[in-house]
Structures are given as C-alpha cells and as structure tokens.
1. Dividing the Cα convex hull volume of region 171-229 by residue count, how many Å³ per residue is that?
2. In sequence order, what are the phi-derived ³J(HN,Hα) couplings for region 84-97 according to the Karplus relation 6.51 cos²θ - 1.76 cosθ + 1.60 with θ = phi - 60°, rounded to whole Hz, with x for glycine and proline?
3. What list of ³J(HN,Hα) values in whole Hz, one per residue of region 234-239 in order, does the Karplus curve 6.51 cos²θ - 1.76 cosθ + 1.60 (θ = phi - 60°) give from phi, with Gly and Pro shown as x?
4. Could you grab the relative contact order for region 212-368? Cα pairs under 8 Å, six or more apart, rounded to a whole percent.
5. Using Cβ counts within 10 Å as a stand-in for footprinting exposure, how do M1, M134, M67, M60 rank, fewest first?
6. Could you give P(r) for region 299-385, binned at 10 Å from zero, as whole percent values over all Cα-Cα pairs?
7. Under a no-solvent Debye model with one identical scatterer per Cα of region 212-368, what's log10 I(q)/I(0) at q = 0.11, 0.14, 0.18 Å⁻¹?
8. Give the total of Lys-Lys pairs in region 1-87 with Cα-Cα distances below 27 Å; include a pair only if its members are 8 or more places apart or on different chains.
Amino acid sequence: MKLLIIPSWYPSNIHPESGTFFRERALILQHHGFNITIAAHIVHSARDVLKFKPDPNNGMPISDNEMIVYKTEALNPYPKLPKQAFKSYKKSISALVQHIIAKQGRPDLVFINSSLFAGASLAKYLHEQSIPYMVSEHLKEFIIVDGWTAFQKVCIKNSYNYASRIIATSAALKNNIQSEFNISDEKIVLIPNPADVQSFSLRTENIEGPFTFIAIALLRQEKRLDILINAFAKLIKKMPDAVLTIVGDGPEKDNLKLLSRKLNISKRVNFTGYQRKPAVAEMLRHHHVLVLSSEVETFGVALVEAMTAGLPVIATRCGGPESIVSPDTGMLVKRNDPFKLAKAMQKMIDRYSTYDPNKIRHIALEQYGDKTYVARITETISSIV
C-alpha cells in the first residue's frame, strides 16, 4: 500500500530532535510492508536566521532506510502574522505534495501528523482529488483550557471536516478532541504511539553506585523540570548520594542549571544536552527510574521507552501518562507539586525491589510494540480504503 506521510514538523540539520518520532513511526510502517513517502516542509523560526543555510538539494528525493523523503526548508517570513505564515506554509506544502503525486502517482492514503498546519493546508485539496486522509494529533494545546486561538480552531475544524479518521494517542487527548470539536465515536480512534523495540534493551540488573533518576525531555517550560529539580533537592536531604540526569536541550537549559546551582545540588544533577537514541538507550540501561514532571503531555514517549528498557517510572497526572502508567510499572503523582514528587521519588527508592524489569518490559512491548501499532494502523486504514 502506498502511504504518503505528511508531518507538520520533522528533523533537520538545525533541529535534529524535532519530529524524530514521526520519522521513527514512518520507518516502523515501512519495515512492515507499507510503501512510505514522506513530504515535509519545515518552517524555521526567525531566531534561526544565523543558522539557516539554503539547501541546494531542497525538495529532492532522498532515501532513508528505503523510505523516500522529500523535504523543503524555509525561514518563517511572517513571524508575527500567523495567518500570513499559514498561507505561506500552505503554498509550500501544497506545491510539494502535488509535485510528489505528479512523479509517483496517487497514494492510497495520506497520513497527516497534526491538523496544525499540514492537515488544515491540504484538507480541501485532498478532498477535491478524492484522496482519503487521516490526521494524527500530538499538540499539548488540545488538553489545555483555551489552548487555541480562534484562527487555529478554524484550521483544525477545516482539517477534521474532510478527514476520514482522526487518531488520538491517549484517552485524555481523545476525550478533549471529541468534546471541543464535536467529533463522533466513529471518526476518532485511539492509537498510542509505538515503542522502538529494537533500540531499547533491558536495563542492567545490578546497577552499581548511588540511586539514579533520569529525565528525558525538551527543556521547555511545560516540562516543569524546575519542579523536578526542586523535588530532587528535597530528596537528597535524606538521600545525599542520589543522582539526577537530565537529557535534552531547549530554551530552559540555562535557567535549570542556574536553579540547580542556587539549590546547591549542581554536583548531583547532570545535564547531558540532546542525545541521539542509541546514547539514550544506553543511559536508560544504567539508571534506576525515569521521572516525567510535565505540566501537560498528550502521550509520554519517554515513559514508554524507559518501560521498554525495564525501568519503573514516576509521572505527573498531566494527560497522556494516565493511560500509560499502572501500579506494575510505576507511580502517578499530582502535577506542579515538588513535595508530592519528592515523596514519590523516596517511595520509589524504598519499594524499588518490588518492581520486575521483565514484567515492565513485557507490558510495554505488549501495549506499545511496533506489531501492535502496525496492527492498529492497518485496521484503521482498512476501514477507510
């Protein structure tokens, strides 16, 4: 089956971390027999003007593990004019998709990752061409009160109007989409994100040294890593040998480092910066517990990756984690509460021996393995095509 996948954001030289899970999920489908082509138009922030260099191969097809990728990049010409920025993006992504269809022929289905803004840009064109499409949603604003502007709501509704199916990655996301945009049960389907089974092996059984926590996230405000650092500062008053590793990069990096210094715990907090998946997988094997401290999450990829490696997890009740974490795999705590998070971290240390790494990994693979994901996607596509 020919599947054209259109992500609203995708890895680039400037931001290799952006949209990596879109690429990984596409590769899973490619490896399971789908004929995948990627069409990605990446719009860089004006803040990246000094890093941005026009690519002479812009829009040329490249092979990525037998998957064909067409990628174009540009700076946002209207950073303070969202409607104009959308029109510019729509023009570029529409031209790219039409170019691909002219070269390759019509796809059997178009799989769009996010209504904003790929879905909104292509909805009418695909409808007019009688090409069915489904939209998968990921943005945190769906589970934030008043998360959308009036213009964004119009774009989302336009995307949903012609979509054959809407995919939500968690129960919280599904419920909010249905209630806010009046979507029927027949049109929306719950398909959690898959775990990368091949990359994450079972953690080391006997980890020597101090008890270690790890957090993997983009260093942005909604990830509330400041809450985690404050909670960790409370924990090490009782457990002075504990270690916290923070993996990721982002605009909050300097603020978080400064906070750890102010709390006099900088020697116990390690900032690794952005790491590619093989390095992350190796880190997980040598840590005890993963902590997710977000204020809002539509899913929680880091939780699933850690569970695939056999680690128990601690997560805030912030949307997606409620569908992932169970008593067998870890703990859920109130969000934005460093006291509750510190207590959970202490409780995890006390009860650590009760968690079975093999059982945790089995649960992760059973619920979020690539075969389960492909089966759900295939079933959804079969109901459309």
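Computed from the coordinates by the stated procedures, all read-outs in this text should not be read as laboratory data. For clarity, every value in this text was computed on a predicted model and none was experimentally measured. Here the Cβ positions follow ideal geometry from the backbone for every residue, glycine too, while neighbour counts run over all protein chains shown.
1. Each residue corresponds to 168 Å³ of Cα convex hull volume.
2. Per residue, the Karplus-derived 3J(HN,Hα) values read 5, 4, 4, 4, 5, 5, 4, 4, 6, 5, 5, 5, 5, 5 Hz.
3. 6, 5, 6, 5, 9, 10
4. 25
5. M60, M1, M67, M134
6. Going from the shortest bin to the longest, the percentages are 17, 41, 27, 11, 4, 0.
7. -0.37, -0.61, -1.07
8. 12
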